[in-house]
Amino acid sequence: MPQFDFQSLISILIVIFFAIGLHEYAHAKIADAAGDPTPRYYGRVTLNLFKHFDPLGTIMIVLTALYGFGIGWGKPVPMDPRKMGNPRWDHFMAVAAGPISNLIQAGVFSLALRFVPGLIDAPFFGNLLIYGVMINIGLFCFNLLPLGPLDGMWLLGTFLDEKARLAWTRWNLTIGQFVFLGLVLVGQMVPELNLISRVIRPVMQTLFRFLMGVP
């Protein structure tokens, strides 16, 4: 992984701008296409990516990316599944679109690294592309965790019956979000207790090797 310096910081900020912005735009665009007017009402069906940023989530990505991760979140896109054509599965696709957008971005960066001669050896572009793969993989894996306000919570809820889904959603949006924030903060202060890292790091490493064509 690249060493931290000013060029690395600029690379991280560029990658984060697109990683978060396109993630949240993907949520909004698919929900809008499914017939839900809520994201458009709140001005979120836009490629003005600045509208999709959450300050705390962005700071989190910067700090973790400096140490080899890239986990965080953007400003949640308001959605109302009841206004979608097929509420359960349209909502599932709208939620899944965010992490999928990060996996696609990671794939694009990795293809550039692998097949465009000389980019890996260019100091700035090499950094940019490596962080592009790493941060987007981190966001993909992190957002699939079924906890708190993360995408994984909503995705898992799709497969529960109505009563269980309501209880699951209520718990995650109350107690669960504090459990989530506690895990994040403890993990940053005490690396040995970083349970999130222990869960997603092996998956991240496997995806990184696969995208980079490393056995």
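The values are calculated or read from the model by the stated rules, or taken from the named source; none is laboratory data. Computed from a predicted model, the values in this text were never measured in an experiment. Cβ sites come from the backbone with ideal geometry, for glycine too, and all protein chains shown count toward neighbours. Note: areas computed on protein heavy atoms with side chains; ligands, DNA, RNA excluded. Shrake-Rupley method; radii C 1.70, N 1.55, O 1.52, S 1.80 Å.
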_Those aspartates and glutamates that a straight Cα-Cα span of less than 18 Å connects to Lys83, excepting residues fewer than 8 apart in one chain_ = Asp32, Asp36, Glu162
*With axes computed from alpha carbons, what is the tilt in degrees of helix 123-143 against the longest principal axis of the chain, rounded to the nearest 10 within 0 to 90?*
30
*Give me the angle, in degrees from 0 to 90, between the Cα long axis of helix 87-115 and the longest principal axis of the Cα atoms of the chain, rounded to the nearest 10.*
10
*Arrange the residues Arg198, Arg165 by how much accessible surface each exposes, largest first, with a 1.4 angstrom probe.*
Arg198, Arg165
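Please compute, over every Cα-Cα pair in region 145-215, the percentage with a separation greater than 16 angstrom. Don't skip to the answer; put the middle values down first.
Numbers: 1467 of 2485 pairs.
Taking all Cα-Cα pairs of region 145-215, the fraction more than 16 Å apart is 59 percent.
Using 0.36 nm per residue, how much length does the chain from Ile10 to Met212 gain when fully extended, once their Cα-Cα distance is taken away? Intermediate values should be presented prior to the final figure.
On the way: separation 202, 0.36 × 202 = 72.72 nm, distance 2.25 nm.
Net length gain for the segment: 70.5 nm.
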*FRET efficiency estimate (nearest 0.05) - Cβ-Cβ, Phe115 to Thr174, R0 45 angstrom*: 0.40
*Area accessible to solvent at Ile130, 1.4 Å probe radius, in Å²*: 40
*In the full protein assembly as shown, how much of Tyr25 is accessible to a 1.4 Å probe, in Å² to the nearest 10?*
50
*Which angle from 0 to 90°, rounded to the nearest 10, does the C-alpha axis of helix 177-189 make with the longest principal axis of the chain?*
20
*lysines whose Cα lies under 22 Å from that of Lys51, excluding same-chain neighbours fewer than 8 positions away*: Lys29, Lys75
_Translational D in µm²/s for region 111-185 (Stokes-Einstein at 25 °C, 0.890 mPa s, Kirkwood Rh from C-alpha pairs)_ = 167
*Can you pull the Kirkwood radius for the chain, inverse mean 1/r over Cα pairs, to one decimal in Å?*
17.8
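If you place +1 on the Cβ of every Lys and Arg, -1 on the Cβ of every Asp and Glu, and leave all else neutral, what size is the dipole of the chain about its Cα centre, to the nearest 20 Debye?
On the way: 15 positive and 12 negative charges, 63 e Å.
So the magnitude is around 300 debye.
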*Would you check the accessible area of Leu166, probe 1.4 Å, heavy atoms only, in square angstrom rounded to 10?*
90
